[in-house]
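S.K.: Encoded as structure tokens, here's the structure I'll be asking about.
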Amino acid sequence: MSELSYAEAIRDGFREAMRQDQSVLLIGLGIPDPKGFFGTTSGLREEFGGDRVMDMPCSENGMTGVVLGASLNGIRPVLNHQRLDFALLAMDQMCTQAANWSYMFGGQVHAPVVFRMILGRGWGQGPQHSQALHSWFAHVPGLKVVLPSCPQDAKGLMISAIEDPNPIVYIDHRWLHHVRGPVPSGHYRTEIGPLRVALLGKDVTIVAISYMVLEALEAAERLAAQGIEAEVLDLRCLRPLDREGLLRSVRKTGRLVAVDQAWACAGMSAEILACVVEDPQTCLKNPPRRVTLPDCPTPTSPALAAEFYPRADHIVEAVLEMFGRSREPGELALQPGIEYDKPNPAFTGPF
Amino acid sequence: MLRIRLVEEAIADAYPRQEMRCPVHLSIGQEAVAAGTAAALARADLAMSGHRSHAHYLAKGGDLRAMIAELMGRQDGCCRGRGGSMHLIDRSVGFMGAVPIVGSTIPIAVGLAFAEKLRGQTRVTAAFLGEAATEEGVFHESANFASLHRLPVLFVCENNLYSVYSPMAVRQPAHREVFEVASAHGIPACQVDGNDPEAVFNQVVAARRHVRSGQGPFFLELKTYRWREHCGPGFDNHIGYRKEAEFLDWKKRDPLENYSRKLISAGLLTEEGVHELSEKISAEIAEAMAFGRKSPFPRGLADFVYSIQP
Ligand SMILES: Cc1ncc(C[n+]2csc(CCOP(=O)(O)OP(=O)(O)O)c2C)c(N)n1
Ligand SMILES: [Mg+2]
């Protein structure tokens, strides 16, 4: 066990999987770049060589099909995108092709390929560099979708994703890269499917995705100070969805808040609520709540972006309302001196 | 060129103050492409661009104050603070938009040209793109359609040898030139020294004449070099993806320096003239910066998501 950043944990995951299996290939625009793809590929080219850690043309759509084809023929590729938005050029290859190949050929072929994409946020990423569209992929049978929120899972889920016989969408949030935590050394898998109970509690279930797990944990701490014990679930896999894990918690607490830094309409937060309200054995004490993005594109101006992103404050407010406490004026006001468009104070841009 | 250079340098200098909180892609070293091209276009002609669009916007006549305010995320920005550096627009001068998804404005620019043709109009549309955009499938689909329908579009491809940190060698075959890809789509194409503003201008004049005459699109590959880091205000030759010697080599081909020397020795310009011009531009930039800082931050998250029926 050692203390690593999330970015280093991804790199460790790559390294373990590549040491284990010669057929693992890391590819993407800028994969061997001097900044190591936000530090997630640093040193790998030196260890594994240019044939296994390789750059590619600026051709997301074609290259997605190319790595899919390679995966049908003995290679285990990980195709990396600096932003989720760039991967959207390849929706046909991911959703219509990769997701369907096992099924439509009667289980004769397998596509062990990972589509990794980074979810951008802050510092003027704006409408085209920060779209949180993970729900799109969660919609598609044949894909598996993971969004780890802690370094340990970042590594374990990367290894599992690479070693899985199916196409996997692996999404890491830009604001998690610097977050540090304990990471087991060596090769290990984190099972794709089960959610992670990030904090035990009995009064309310807060289900959060990716970076929002951090905000949910902060909210839980503040709620604890008010005598409310929140259970925080880290929904690290959107598909398959751990419905049992979700229901187990909500049956205990009777209250549900789904937190997703994404749009609410037809999104993952809606699926979480549906899963709970459909269950005949789960009785909610309050109507469920969602903490999500406002229904508009990401603005670039820091002034608008600060209002745009939900924070722990919003989660606390949603829970307190369930407990009959109405909002106090100024509760959600932005605090002076906080730079809401930065992942950490050391960040100075530009990307 | 001088104006573009000074604006970009002013942005680079101001950037560390963290009042321009968005990614910026500067065109320092590549000014001749924008200046030479825009000088050969009519004011009414249309243009679109990508992530590195400050120069194209300014050369086409885009409002400097609105651009600076946009970089600062202010209400008086050219996108009312919603876009930032990577999304510039000034419809009053035919600069119809820039977006940072590589290649994405190419078909949209072709669409502008398609509409021009459908409506019997004669404006030419310039689609600015980087050489990496020719690697996207959408470039080929757009080129094919433009060629098929002889659309009045001018592809202006800046080949600065890199896509972020990735050199041409890992992206395109060494034995064929970028412009030859356009030729294969049946589009007349050629390569020009993108650091020579007169060569750019002359070639664009000819290309525009071709496009305007109804013969269809034209593709120009302009060889040039980005001086600063791909994104951001600094230099990055030290991090190892390219050689300092290569940069210094290209610096000797500084479009601004070389062209002003040429004009001076031809007696068309004086040192004092250049100095005066710089002073004037610097004052204009200072005024634009002050304008940006004075402009309020925008409010209203939900504004503009949908257009309203007039
Ligand atoms: C579809 C897509 N893929 C990747 C990126 C990331 N990206 C931003 S700028 C850039 C470089 C593009 O190179 P080029 O077109 O040559 O323009 P240059 O930066 O050299 O001016 C890349 C790859 C993107 N914005 N969009
Ligand atoms: Mg380039």
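The values are calculated or read from the model by the stated rules, or taken from the named source; none is laboratory data. This one's a predicted model, so the numbers in the text were calculated from it and none came from an experiment. FYI the Cβ positions are ideal-geometry reconstructions off the backbone, even for glycines, and counts take in every protein chain you see. With ligands, DNA and RNA removed, areas are computed over all heavy atoms of the protein, side chains included. Shrake-Rupley method; radii C 1.70, N 1.55, O 1.52, S 1.80 Å.
S.K.: Treating only the Cβ atoms of Lys and Arg (+1) and Asp and Glu (-1) as charged, compute the dipole magnitude of chain B about its Cα centre; round to the nearest 20 debye.
M.R.: 800 debye
S.K.: How much FRET efficiency would the formula 1/(1 + (r/R0)^6) give for A:Glu339 and B:Ala302, where r is the Cβ-Cβ distance and R0 is 25 Å, rounded to 0.05?
M.R.: Plugging the Cβ-Cβ distance into 1/(1 + (r/R0)^6) gives 0.55.
S.K.: Along the Cα→Cβ direction, 7 angstrom out, place labels at A:Thr96 and B:His175. What is the inter-label distance in nm?
M.R.: Going from the A:Thr96 label point to the B:His175 one covers 3.4 nm.
S.K.: Let me ask something else. Using a cut-off of under 17 Å, list every residue of the range A:250-279 whose amide N is near the label point 7 Å from the Cα of A:Glu229 along the Cα-to-beta-carbon line.
M.R.: Label zone hits: A:250-256.
S.K.: Summing +1 for each Lys or Arg and -1 for each Asp or Glu, what net charge is found among the other residues whose Cβ lies under 15 Å from the Cβ of B:Gly240?
M.R.: -3
S.K.: I've got another one for you. Hey, what's the protein assembly as shown come to in accessible area per residue, 1.4 Å probe, Å²?
M.R.: Ligands and nucleic acids excluded, the result is 39 Å² per residue.
S.K.: For the range A:178-210 and the range B:1-61, what is the separation of their Cα centres, given in Å?
M.R.: First find each Cα centre; the distance between them is then 46 Å.
S.K.: In the range A:196-322, if the dipole is taken from +1 on Lys/Arg beta carbons and -1 on Asp/Glu beta carbons about the Cα centre, which of A:Ala216, A:Leu247, A:Pro299 is farthest to the positive end?
M.R.: A:Leu247
S.K.: Just in the range B:61-122: which trypsin sites (Lys or Arg not before Pro) are loop by DSSP and have at most 16 other Cβ atoms within 10 Å?
M.R.: Counting only loop positions with at most 16 other Cβ atoms within 10 Å, the trypsin sites (Lys or Arg not before Pro) in the range B:61-122 are B:Arg119.
S.K.: At a probe size of 1.4 Å, how large is the accessible area of A:Ser160, to the nearest 10 Å²?
M.R.: A:Ser160 exposes around 10 Å² with every protein chain in place.
S.K.: Continuing with this model, one more query. Between B:Leu118 and B:Ile239, what is the label-point separation in nm under the 7 Å Cα-to-beta-carbon projection?
M.R.: Between B:Ile239 and B:Leu118, the label points sit 4.3 nm apart.
S.K.: Within 10 Å of each Cβ in peptide B:82-92, how many partner chain Cβ atoms are there on average? Round it to a whole number, please.
M.R.: 4
S.K.: Shifting gears a bit: Classify the range B:2-294 from the C-alpha gyration tensor, please: rounded if a/c falls under 1.5, else prolate or oblate depending on whether a/b exceeds b/c.
M.R.: rounded
S.K.: Let me ask something else about it. If you count only protein heavy atoms and use a 1.4 Å probe, how large is the accessible surface of B:Ser307, to the nearest 10 Å²?
M.R.: Solvent-accessible area, nearest 10 Å²: 120 Å².
S.K.: Under 18 Å from a point 7 Å along the Cα-to-Cβ line of B:His149: which residues of the range B:79-123 have their amide N that close?
M.R.: B:104-123
S.K.: Pull out a ≥ b ≥ c, the square roots of the eigenvalues of the alpha-carbon gyration tensor of the protein assembly as shown, then state rounded if a/c is under 1.5, prolate if not and a/b is larger than b/c, and oblate in the remaining case.
M.R.: Prolate.
S.K.: Would you kindly derive the ³J(HN,Hα) couplings of the range B:101-109 from the backbone phi angles with the Karplus curve 6.51 cos²θ - 1.76 cosθ + 1.60 (θ = phi - 60°), listing them in order in whole Hz, with x for Gly and Pro?
M.R.: Values per residue, Gly and Pro as x: 7, 4, x, 5, 7, 4, x, 5, 5 Hz.
S.K.: For A:Glu328, put the label point 7 Å out on the Cα→Cβ axis and report which residues of the range A:220-246 keep their amide N under 19 Å from it.
M.R.: So the set is A:220-229.
S.K.: Hey, in the GNM for chain A with a 10 angstrom Cα cutoff, which one of A:Leu304, A:Leu223, A:Leu72 fluctuates hardest?
M.R.: A:Leu304
S.K.: Given a 1.4 Å probe and every protein chain left where it sits, what share in percent of the accessible area of the protein assembly as shown is carbon and sulfur?
M.R.: Ligands and nucleic acids excluded, carbon and sulfur give 53 percent.
S.K.: For the protein assembly as shown, with only Lys/Arg (+1) and Asp/Glu (-1) charged at the beta-carbon, what is the dipole magnitude about the Cα centre, in debye rounded to 20?
M.R.: That gives a dipole near 840 debye.
S.K.: Something else: Suppose R0 equals 25 Å. What FRET efficiency, 1/(1 + (r/R0)^6) with r the Cβ-Cβ distance, do B:Asp193 and B:Gln215 give to the nearest 0.05?
M.R.: That gives a FRET efficiency of 0.55.
S.K.: So which aspartates and glutamates can B:Lys117 reach, going by Cα to Cα under 14 Å and dropping same-chain residues fewer than 8 places off?
M.R.: B:Asp45
S.K.: Springs between alpha-carbon atoms under 10 Å, Gaussian network over chain B: tell me which of B:Glu244, B:Glu131, B:Glu272 tops the mean-square fluctuations.
M.R.: B:Glu272
S.K.: Now, a different point. Have a look at the range A:300-323 and report residues whose accessible surface goes down by 40 Å² or more when the remaining protein chains are included, against the chain on its own, probe 1.4 Å, ligands and DNA/RNA excluded.
M.R.: A:Thr300, A:Ser301, A:Pro302, A:Leu304, A:Glu307
S.K.: What full-extension length gain, to one decimal in nm, is calculated for A:His178 and A:Gln20 as 0.36 nm per residue of separation minus the Cα-Cα distance?
M.R.: 54.2 nm is the gain from fully extending A:His178 to A:Gln20.
S.K.: Ballpark to the nearest 100 Å², how much total accessible area do A and B bury together, probe 1.4 Å?
M.R.: Buried area between the two chains comes out at roughly 3000 Å².
S.K.: All other residues with a Cβ under 12 Å from the Cβ of B:Gly84 taken together, and with Lys, Arg as +1 and Asp, Glu as -1, what is their net charge?
M.R.: Residues close to B:Gly84 contribute a combined charge of +2.
S.K.: State whether chain A is rounded, prolate or oblate according to the following rule on the C-alpha gyration tensor (a ≥ b ≥ c being the square roots of its eigenvalues): a/c under 1.5 gives rounded; otherwise a/b larger than b/c gives prolate, and the remaining case gives oblate.
M.R.: Because a/c hits 1.5 or more and a/b exceeds b/c, chain A counts as prolate.
S.K.: Residues of the range A:15-54 that become at least 30 Å² less accessible with every protein chain present than in their own chain isolated, using 1.4 Å: which are they?
M.R.: The answer is A:Pro34, A:Lys35.
S.K.: On to the next question. Return the FRET efficiency for the residue pair B:Lys251, A:His110: r is the Cβ-Cβ distance, R0 is 51 Å, and the value is rounded to the nearest 0.05.
M.R.: About 0.45, to the nearest 0.05.
S.K.: Which of the residues in the range B:119-167 lose at least 30 Å² of accessible area when you go from the chain alone to all protein chains together (probe 1.4 Å)?
M.R.: The answer is B:Glu135, B:Glu136, B:Tyr165, B:Ser166.
S.K.: Most fluctuating residue of A:Ala230, A:Ala208, A:Ala306 in a GNM of chain A with Cα springs under 10 Å: which is it?
M.R.: Taking springs between Cα atoms under 10 Å, the residue moving most is A:Ala306.
S.K.: A further question follows. With each label point set 7 Å from Cα along the Cα-Cβ vector, what nm distance links A:Glu278 and B:Lys262?
M.R.: Once both label points are built, they end up 6.9 nm from each other.
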